[in-house]
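First comes the structure, then the notes that go with it.
The values are calculated or read from the model by the stated rules, or taken from the named source; none is laboratory data. Not measured: the values here are computed from a predicted model. Neighbour counts are summed over all protein chains in view; Cβ atoms, including those assigned to glycine, are modelled from backbone coordinates with ideal geometry.
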Amino acid sequence: MKNSAVFSILCAGTLWGLIGLFVNILAGKGFDPLQITTLRVTAAMLLTALIACRTGFRQFSVRPKDLWMFFGNGVIGLVFFNYCYFNAIAGGSLAIAALLLYTAPVFVMLMSVVLFHEKLTKEKIVALVITFIGCGCITGAFSGSLSVSRQTLLFGLASGFGYALYSIFGKPATQKYSSLTVSLWCFIFASGFTLPFSKLADKAELFSDPVVWGGIFGIGLISCVFPNILYMRGLQQLEAGHAAILATIEPVVAAIVSFLFLGEAFTWQKLLGIVLILAAVPILNRKSEKQK
């Protein structure tokens, strides 16, 4: 079960790593960060609802007293994280935005100690440190040539905190409901919150472009529905801090995708970063074996 959960988290991070392709398409067509966030969560909500209908309407059933978890997971976590991250990217520094996003495992680990009484082990600390260094190598943040505005810095840190809250609110929800139900209600709250403020009607003419629909389908299904379900499934078996570190496979995939499809250089520093991040997986798994 543990190995299956690890595999689910790694698959989720891999699919999240593809998001840059679809964000690039939609931003290039003229959508702003809030609109891209809205398109992502609304498409995900509709697609997840279709999947839920095929598996049984019981997936829609939740207790009213548990709605706070889905609100936190969908609005405080997913929407807030996406909005801040896309704004950090729009600030002109994708490398810094990505590095700041992956402060999330720090927030998750510290909050998990307080809220879920998870142990802060030496394996977690070592894995966290080498993961953070690996992210810095992949993004080029340690090259000394990057500069960042205060606004981008704040948006980047806020995206990391929002990403952490996504795991914190998701953890108790996965103890009561299936990963599909958790994802569905996460998207329902997220889309319900963003749609009224998105002003997507002002971009109505863009929806006649099939490329836009390709971007929406990709960001909704490939980089949201599937990874969210997989991540929540992994959270059912793993500690939140453990899962957050494993999910940092995302910048590894993003670096490879950027090289293959977006024309970005692939340097020895990026290769080193990939090796460091991947090294965190056996360190965390060794912890699990010791517990067994």
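Observations
- Pair list, Cβ under 8 Å, 6 or more apart: region 60-77 residue over 15 Å from Lys171 (Cα atoms), other residue in a loop (DSSP other than H, G, I, E, B) and aromatic (Phe, Trp, Tyr): Val62/Tyr177
- Only residues that are in a helix (DSSP H, G or I) and within 19 Å of Leu78 (Cα to Cα) were counted across region 28-37, and they come to 5.
- Restricted to helices (runs of 4 or more DSSP H) entirely inside region 187-292, those with at least 3 residues that are at pLDDT below 85 are 240-246, 250-261, 268-291.
- Pairing residues of region 115-137 that are under 24 Å from Lys270 (Cα atoms) with residues that are assigned to a helix (DSSP H, G or I) and among the charged types (D, E, K, R), at Cβ distances under 8 Å and at least 6 apart in sequence or on separate chains, gives Glu123/Arg286; Glu123/Lys287; Lys124/Lys287; Cys137/Lys270.
- Some residue of region 164-172 being more than 25 Å from Ala97 (Cα to Cα) and either of a type outside the set (D, E, K, R) or not in a helix (DSSP H, G or I) (or both): yes
- Only a single item in (1) in a helix (DSSP H, G or I); (2) surrounded by fewer than 24 Cβ atoms within 10 Å (Cβ to Cβ); (3) in contact (Cβ under 8 Å) with a residue 24 or more places away in the chain; (4) among the charged types (D, E, K, R) is not met by Arg40, and it is number (2).
- The lone exception for Ala127 - which of (1) closer than 17 Å to Gly170 by Cα; (2) surrounded by 21 or more Cβ atoms within 10 Å (Cβ to Cβ); (3) touching a Lys or Arg at 6+ places or on another chain (Cβ under 9 Å) it fails: (1)
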